[in-house]
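Worksheet: the structure to be examined is printed underneath.
The values are calculated or read from the model by the stated rules, or taken from the named source; none is laboratory data. Model, not experiment: these values are computed from the prediction. All Cβ positions, glycine included, derive from the backbone under ideal geometry; neighbour counts span all protein chains shown. To get the accessible areas, we keep the full protein, side chains included, count just its heavy atoms, and leave off ligands, DNA and RNA. Shrake-Rupley method; radii C 1.70, N 1.55, O 1.52, S 1.80 Å.
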Amino acid sequence: MICFCEERGVGYNGPGPFCIVESSPYRFFLTRPVSFALSLTVVANRVPIRQTDDGWETSVGGLTTALLPVLEEQGGVWVGMGEDPDLPERQEYPADDPDFVVRRVPLSTEELDGYYYGMANQILWPLSHYLVQHLELNEAFLETYRQVNRRFADAVLEETEEGGDETIWIQDYHQMLSPGYIREDRPDVTIGHFWHIPWPAMEVFRILPWSRELLRGMLGCDLIGFHVEEYVDNFLESAETLLDAEVEGNVIHYEGREIRAEAHPIGIDVERFKSMAHDPSIEEEAQKFRDRLGTDYVVIGIDRLDYTKGIRSRMLAFEKFLEENPEYHGKVSFFQIATPSRTELESYQQIRREVDEVVGRINGRFAQESWVPVNYRYRTYTQYELCAFYRAADAALITPLRDGMNVVTQEFVTATQDGVLILSELTGAAYLLPEAVQVNPYDHGGLARAIKTALEMPHEEKVERLRGLKRTIETLDVHNWADGFLEALHR
Ligand code: GDG
């Protein structure tokens, strides 16, 4: 069984599904394997284990949490990039009593630049988020992407048995071509793909000069999963218009095969997050944090520092809120964490400069002797610390310009007792969470008003909204997501 996903280490430079190294007492508990037998190969950008001073450990993150239980219970293979030439291409894990195999695809610096920083992060990422001004349409990136996808496919083919009943689960936009390459060789295997970011409107996707080749690669799959129906519809329309495929409901008929596209919204490890949030030590941490800020109200934002996350726009809205509401001066703190991400890329260095500038301006304009309006941190925290911030906040400002899902939303809702969620309507999460205070992230005036609404919201209304939000998020659990996708793949 194979799953392609992307995970990050400390100060992660990768995009894609959440994977964070923990130093808190809380760990992910790897439980609940899927309820049926399968031989699985997971294909993800990064492998799920990392070397520490004392040996090896599994990395912590949504995908690892969801998929390692399956591999641990049933065996299988996880294929990902090999960035360190000193590490083995094939490693059984754990070494003393192996449950599964880690298979690395070694990449040179040039390959990493073209495939990952180039094609994935300077073409597919901005395009899928409708931020076409960041597109670097360099054909050399595509060429390297083809080569690397081919090598991932070769690794998968080597690891899967001829004639065996094999399931391959590929993750994300780093691997659009490998499904097609695998299918050429192995018409018999079952291939799933989960796309973690938005699939843009067909008219945006077709901007890509290589849109047809990439789509054909994806159609090597049996099932393609997206977070919400909107992205499914966009994908179906892309296949119908650009490849002339016949589409019936959510089934694409293409070259004698049937490919399904379905919505499978991802969740978080709800139980783990709940138990962390209810630990008395978190309450203490949250209180200490509020005391340090020293204001009546605390508003938070937590994101990778990425131009898609709308951090600058959110700051401008907070500035407007302060302009329009002088009675809140000295009474509200905005605490924004921006975790370093893809720092090699100029567009990320630029957004960092822009955010620095606007934070400096707001604080220069409004700060008083004992009040700093914007507390900005460009660094990584542990999940335990994040949980205390969620718990302490009166409101969370989650306002991406576009986001496939946004799981910070789910973490906040799970951890908070009476906080208000202000959520961009341009996220996957917004489709599922009508009880949030929804905003257009480009509308600074509307966002400024939403901050005021949140701070003045009656307690009963907060609790009522949260009841609905929490109910939905319980059903989106990441284990349910993995189970649901694999069951659908075998349907
Ligand atoms: C992609 C899609 C989709 C952030 N800072 C720290 C930290 N984080 C954690 C959060 C959360 C995760 O990173 C971020 O998740 P998002 O969902 O916001 O976003 P992406 O990284 O863009 O992921 C996205 C996701 O895939 C899953 O399909 O939701 O739409 O873009 O878990 O808590 N964690 C720690 N320290 C930090 O400083 N420990």
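Couple of notes before you dig in:
- Counted as qualifying within the range 138-211 are the helices (runs of 4 or more DSSP H) with 3 or more residues that are open to solvent by 30 Å² or more (accessible area, probe 1.4 Å) and among the charged types (D, E, K, R), namely 139-159.
- Subset of the range 353-379 [within 16 Å of the ligand (Cβ to nearest atom) and surrounded by fewer than 19 Cβ atoms within 10 Å (Cβ to Cβ)]: N375, R377, Y378, R379
- Residue match in the range 438-459 (condition: crowded, with 18+ Cβ neighbours inside 10 Å, more than 16 Å from the chain's Cα centre (by Cα), within 15 Å of the ligand (Cβ to nearest atom) and assigned to a loop (DSSP other than H, G, I, E, B)): yes
- Members of the range 58-68 that are within 13 Å of the ligand (Cβ to nearest atom) and either not in a helix (DSSP H, G or I) or not assigned by TED's automatic domain parsing to the domain that holds L38 (or both): S59, V60, G61
- Some residue of the range 69-78 being open to solvent by 10 Å² or more (accessible area, probe 1.4 Å), farther than 18 Å from S178 by Cβ, in a strand (DSSP E or B) and acidic (D, E): no
- Residues in the range 380-404 that are within 16 Å of the ligand (Cβ to nearest atom), of a type in the set (A, V, I, L, M) and assigned to a strand (DSSP E or B): A396, L397, I398.
- Considering only residues in the range 405-417 that are within 12 Å of the ligand (Cβ to nearest atom) and under 24 Å from D279 (Cα atoms), the one that is surrounded by the most Cβ atoms within 10 Å (Cβ to Cβ) turns out to be Q410.
- Residue list for the range 318-354, filter: of a type in the set (A, V, I, L, M, F, W, C) and touching a strand residue (DSSP E or B) at 6+ places or on another chain (Cβ under 8 Å): F318, V332, F334, F335, I337, A338
- Verdict on P340 being open to solvent by 10 Å² or more (accessible area, probe 1.4 Å) and more than 16 Å from the ligand (Cβ to nearest atom): no
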